[in-house]
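Report on the following structure.
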Amino acid sequence: MLRKMVLLASTALALSLGAVAPTMAEPIKIRVVSKDFTPSNPDDVKHLQRIEDALRAQGTDLDIELVDLPSSGYADKLSVMLLSGDIPDLIYFQGGDAKMVEQGVLEDLGPMLAETKYLKDALWPHNVERLKNYPYLLYVYPVRGPQPVIRKDWLEKTGLKAPETVEDYVTLFKAIKDGDLDGNGVADSYGVTTADNTNELDSIFNQAFGITGTWMKNPAGEWVHSRTTAQEKDKIAFYASLREQGLYDPEYITTKFDVKEDKFYTGRAGVIFGSSGEVIDIYGGKMRQVHPGAELVLLPPPKGPGGQGLAAVDVSKESRGLAISTVSEHKAEVMKLLDFMASPDGQMFDRLGFEGQEYTKDGDSYKVTDKIATWYARFMVAANWTPPVVWQSEAAQQSLATIQKDFKPDNTFVWPADYAADLDATENVYRSWVYKFISGAAKMDQWDQYVAEWEAAGGKRLNDYARTVIDAEK
Amino acid sequence: MTNRDEAMISPKFGNVPKLSARRRQGRLAVAADGWRRWWPYYVMMAPGILFFLVFHYLPIWEARIAFEQVRIVPPNIWVGIKHFQVLFSSPVFWQVLANTLIISAMKMVFFLPVPIIVALLLNEVRGGSLRKFIQSAIYLPHFLSWVVIAGIFIAALSPTDGAVNNLLGMAGMAPRSFMTDTGAIRWVLVFTEIWRSAGWDSLLYLAAIIAIDQQLYDAAEIDGANRWQKIRHVTLPGIVPTIATLFILNAGMFLNADLNQVINLSNDVVRSKIDIVDTYVYRIGLQTGEYSLATAAGLFKAVLGTMMIVIAHFVSKRLTGKGVW
């Protein structure tokens, strides 16, 4: 009798253990390293928890561990971490990825991406182009590119409408300079300022002066770098004339991003550039702290002798983005996580934050709270998902619409490592000469001297190589 | 070793092992006694020793990647001196090395005397509260980061509304864009370094001055020496060992032209004049991922630094009779 009872009890125990075993299986652990997404931020932890819960409900049991890497100097710290052999499953790069690809540490995302349910349709047009050329990084966000903004009340004070041509821009800059719009009794505002270099001006004036891409044909029909063309010369001469008339900040080269913003908020510059809708809204918010009620207006790219539009977009590769490690044992699970984030549920989480915190819901009606201003998508902004509520300013929305409407892929490409020194040297020569031309330290008739120096610094090698690549693509 | 010792360990003495063992025991006893007596000090020293071992000596072994091709997924591949060949055949490296030598030499020549002069001047200030105020004021910049200092100097040297150019304008001089002037930017590095560190570095010299025997000053006073003569014949000779030691230690760091300073004060126009070995290593190593090449550059710099210490030691020994060993 006793033997029977023991046998019965042990059988029941074995059966019950067998029944619960699948539900007690350990979740699959994946490690994620990203910028501004850390376990020390309670919102990030809560966000990750609900993602895990949602995935678990769909049958994917993940334990997502965030690596705590400081945002300050992120790229450098990530580089050191990877070099020490600590390679998470999902890695956000902000540069330094090419070396990892060279060593075979990053997975080709193409095949896995094709198998996804949502992610493959969430890509923006530039993502698709970049993935074709470099299938290791994924950065599903709208294309970024500097666009100019001005205070609405300042534009109204000038009595001008938003500029449509290059000449209109000059007129606007003059009105800002001469109009004493900040009311300090001195005509000391610059029409426009930029940070570090002329890249921001290039974003609206390249097409206007006929600079259609990084590589252009010279009169002899050969591909050359656009920085050595007659169109570039005309553009730089235009910048120099802006500086000479006191319309362009002569100290742009020592102006860092924070100083650029400061000049805008304090009225020392009338126009600055924001690289995305989010950035334009940040400028707007800060401007209202200094000048309550102030609004920003987006200015369009001007029509010029060479055309109109925003500068061509580099589609050779993503300059930043998420990558999956080849040494990861859970690549499929990582892709499931990314696919979920591209789904409507994932986008609702990632774009709108938490209900009751960043937004409120009343039936089908959504309302955002002030906290939405500090919320940002940790994973992606899917191209095919529209939030149920709009909270960006008109200028921010316009900037997104303009950059998508004006999207033109550039013809640049990924350089082999052997050309790194030439790229570095020619970049220095270009930047240095551009400043000399703009500041008046060099005359525009020294252009040929600049081109000769650029070619000697490695530019000739770059031109030769580019011809082989672009001609091969045709 | 004395003749007696040699005689005792000679094979003709049969009791040599016995004596040696006794000596060993004696030494052990001395060591044990020393440990019992001084162990709190050894314990206090331990974190420092550990720090140097972990952060200064172990990395020397890791410098072997200068001779390897680093693989993120091991093993690394041995490539011998390939990276050094690449480095030495690069015109950029020689340019940054030249920049480093020039900037470091300028800093050494123009910076070294300043804290000594500041310490001598501080020592002559008689009012206690005035002296404390001056000390605090000149130490303060040491606690500012280079980001802040760069912001201050970019604003102060602005050709349009900077304080320096305003002063030049009042003196009838044309404004000058120091931050974009390839002839001036190295001097900006030297000056900002002096502004930041001279006050702090003067502490060491001030401590050395305070340690000089007061009787020497009293004797000089009796001999009729004035203030200047006391400085020249008592104070300066009294701090020569400190000056020599710091000079030699600074020589070891001769090629450390300060990465943070250069990065924060650099711009596209002047980069070619102030691009130094450290910025090159940072760019090549951390930004482009050429770790082995960057380590080769760093190792080369470290070897030069060691040579500088040795040379400085012998020069100092010859000139002042003082060295680091």
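The values are calculated or read from the model by the stated rules, or taken from the named source; none is laboratory data. Keep in mind the model is a prediction, meaning the values are calculated, not measured. Here the Cβ positions follow ideal geometry from the backbone for every residue, glycine too, while neighbour counts run over all protein chains shown.
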- Item | Criterion (β-branched (Val, Ile, Thr) and without any contact (Cβ under 8 Å) to a residue 12 or more places away in the chain) met by exactly one of A:THR171, A:THR214, A:THR194 | A:THR171
- Taking region B:167-191, which residues are assigned to a helix (DSSP H, G or I) and within 14 Å of chain A (Cβ to nearest Cβ)? B:PHE178, B:MET179, B:THR180, B:ILE185, B:VAL188
- Query: Can you name the residue in region A:93-120 that is within 13 Å of A:ALA323 (Cβ to Cβ) and among the aliphatic types (A, V, I, L, M) and, of all such residues, is nearest to the other protein chains (Cβ to nearest Cβ)?
  - Reply: A:VAL105
- Task: Quick one: count up the residues across region B:257-283 that are part of a helix (DSSP H, G or I) and aliphatic (A, V, I, L, M).
- Result: 7
- Looking only at region B:168-188, count how many residues are surrounded by fewer than 15 Cβ atoms within 10 Å (Cβ to Cβ) and at pLDDT 95 or above. 1
- Message: Given the criterion away from chain B (no Cβ under 14 Å) and either closer than 30 Å to A:THR214 by Cβ or out of contact with any strand residue (DSSP E or B) (no Cβ under 6 Å at 6 or more places or on another chain) (or both), identify the matching residue among A:THR426, A:THR386, A:THR360.
- Response: A:THR386
- Query: Name the pairs: first residue in region A:451-469 and closer than 12 Å to A:PRO416 by Cβ and in contact (Cβ under 8 Å) with a residue 40 or more places away in the chain, second residue acidic (Asp, Glu) and in a helix (DSSP H, G or I), Cβ to Cβ under 6 Å, at least 6 apart or on different chains?
  - Reply: A:ARG461/A:ASP422; A:LEU462/A:ASP422
- Item | Condition met for A:ARG467 (touching a helix residue (DSSP H, G or I) at 6+ places or on another chain (Cβ under 7 Å), in a helix (DSSP H, G or I) and farther than 26 Å from A:ILE253 by Cα) | no
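To keep it simple, each residue is scored yes or no on (1) closer than 28 Å to A:MET100 by Cβ; (2) within 11 Å of chain B (Cβ to nearest Cβ); (3) of a type in the set (S, T, N, Q).
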{"position": "A:TYR419", "(1), (2), (3)": "yes, no, no"}
{"position": "A:ALA441", "(1), (2), (3)": "no, yes, no"}
{"position": "A:TRP447", "(1), (2), (3)": "no, no, no"}
{"position": "A:ALA457", "(1), (2), (3)": "no, yes, no"}
- Message: If I ask for residues that are acidic (Asp, Glu) and within 11 Å of another protein chain (Cβ to nearest Cβ), which ones from region B:274-301 would you list?
- Response: B:ASP275, B:GLU290
- Scan region A:35-56 for residues that are surrounded by 17 or more Cβ atoms within 10 Å (Cβ to Cβ), among the β-branched types (Val, Ile, Thr) and under 23 Å from the mean Cα position of the chain (by Cα) and jot them down. none
- Message: I need a count of the residues in region A:70-91 that are farther than 21 Å from A:GLU333 by Cβ and away from chain B (no Cβ under 14 Å).
- Response: 2
- Message: List the strands (runs of 3 or more DSSP E) inside region A:184-276, counting only whole elements, that have at least 1 residues being within 14 Å of chain B (Cβ to nearest Cβ).
- Response: A:190-192, A:269-274
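Per-residue answers, yes or no, for (1) more than 27 Å from B:HIS142 (Cβ to Cβ); (2) within 14 Å of another protein chain (Cβ to nearest Cβ); (3) not in a loop (DSSP other than H, G, I, E, B):
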| position | (1), (2), (3) |
| --- | --- |
| B:LEU236 | no, no, yes |
| B:PRO241 | no, no, yes |
| B:LEU255 | no, no, no |
| B:GLY323 | yes, no, no |
- Message: Any residue at all in region A:132-143 that's touching a helix residue (DSSP H, G or I) at 6+ places or on another chain (Cβ under 8 Å) and either farther than 19 Å from A:LEU106 by Cβ or charged (D, E, K, R) (or both)?
- Response: yes
- Residues A:ALA395, A:ALA342: which one is crowded, with 21+ Cβ neighbours inside 10 Å, outside the structural domain of A:VAL101 (by TED's automatic domain parsing) and under 20 Å from the mean Cα position of the chain (by Cα)? A:ALA395
- So is A:TYR465 within 14 Å of chain B (Cβ to nearest Cβ) and in contact with a Phe, Trp or Tyr (Cβ under 9 Å, 6 or more places away or on another chain) or not? no
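Condition check ((1) modelled with pLDDT under 95; (2) crowded, with 16+ Cβ neighbours inside 10 Å; (3) basic (Lys, Arg)) across all residues:
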position: A:THR412; (1), (2), (3): yes, yes, no
position: A:PRO416; (1), (2), (3): yes, no, no
position: A:GLU427; (1), (2), (3): yes, yes, no
position: A:ILE438; (1), (2), (3): no, yes, no
position: A:ALA452; (1), (2), (3): no, no, no
position: A:GLU455; (1), (2), (3): no, yes, no
position: A:ASP471; (1), (2), (3): yes, no, no
- Of all residues in region B:222-264, which are over 30 Å from A:ALA195 (Cβ atoms), surrounded by fewer than 16 Cβ atoms within 10 Å (Cβ to Cβ) and of a type in the set (S, T, N, Q)? B:ASN226, B:GLN229
- Message: Just the residues that are within 22 Å of the chain's Cα centre (by Cα) and charged (D, E, K, R), please, taken from region A:186-223.
- Response: A:ASP196, A:GLU200, A:ASP202
- Query: So B:ASN267 clears everything in (1) surrounded by fewer than 19 Cβ atoms within 10 Å (Cβ to Cβ); (2) within 12 Å of chain A (Cβ to nearest Cβ); (3) out of contact with any Phe, Trp or Tyr (no Cβ under 7 Å at 6 or more places or on another chain); (4) of a type outside the set (Phe, Trp, Tyr) except one condition, right? Which one?
  - Reply: (1)
- Looking at this structure, is A:SER84 among the small types (Gly, Ala, Ser) and within 19 Å of A:ARG320 (Cα to Cα)? no
- Filter region A:417-449 for residues that are touching a residue at least 40 places away in the same chain (Cβ under 8 Å) and over 30 Å from A:SER276 (Cα atoms) and give the result. A:ALA417, A:TYR419, A:ASP422, A:GLY440, A:MET444, A:TRP447
- Task: Taking B:PRO74 as meeting all but one of (1) touching a Gly at 6+ places or on another chain (Cβ under 9 Å); (2) surrounded by 13 or more Cβ atoms within 10 Å (Cβ to Cβ); (3) without any contact (Cβ under 8 Å) to a residue 12 or more places away in the chain, write down the number of the exception.
- Result: (2)
- Query: If you check B:ILE60 against the conditions, is it under 21 Å from the mean Cα position of the chain (by Cα), over 26 Å from B:TYR291 (Cβ atoms) and surrounded by 10 or more Cβ atoms within 10 Å (Cβ to Cβ)?
  - Reply: no
- Message: I'd like the full set of residues that are part of a helix (DSSP H, G or I) and either among the β-branched types (Val, Ile, Thr) or surrounded by fewer than 19 Cβ atoms within 10 Å (Cβ to Cβ) (or both), limited to region B:147-165.
- Response: B:VAL147, B:VAL148, B:ILE149, B:GLY151, B:ILE152, B:ILE154, B:ALA155, B:ALA156, B:ALA163, B:VAL164
- Query: Taking into account only those residues within region B:38-84 that are assigned to a helix (DSSP H, G or I) and within 12 Å of another protein chain (Cβ to nearest Cβ), which is modelled with the lowest pLDDT?
  - Reply: B:GLU62
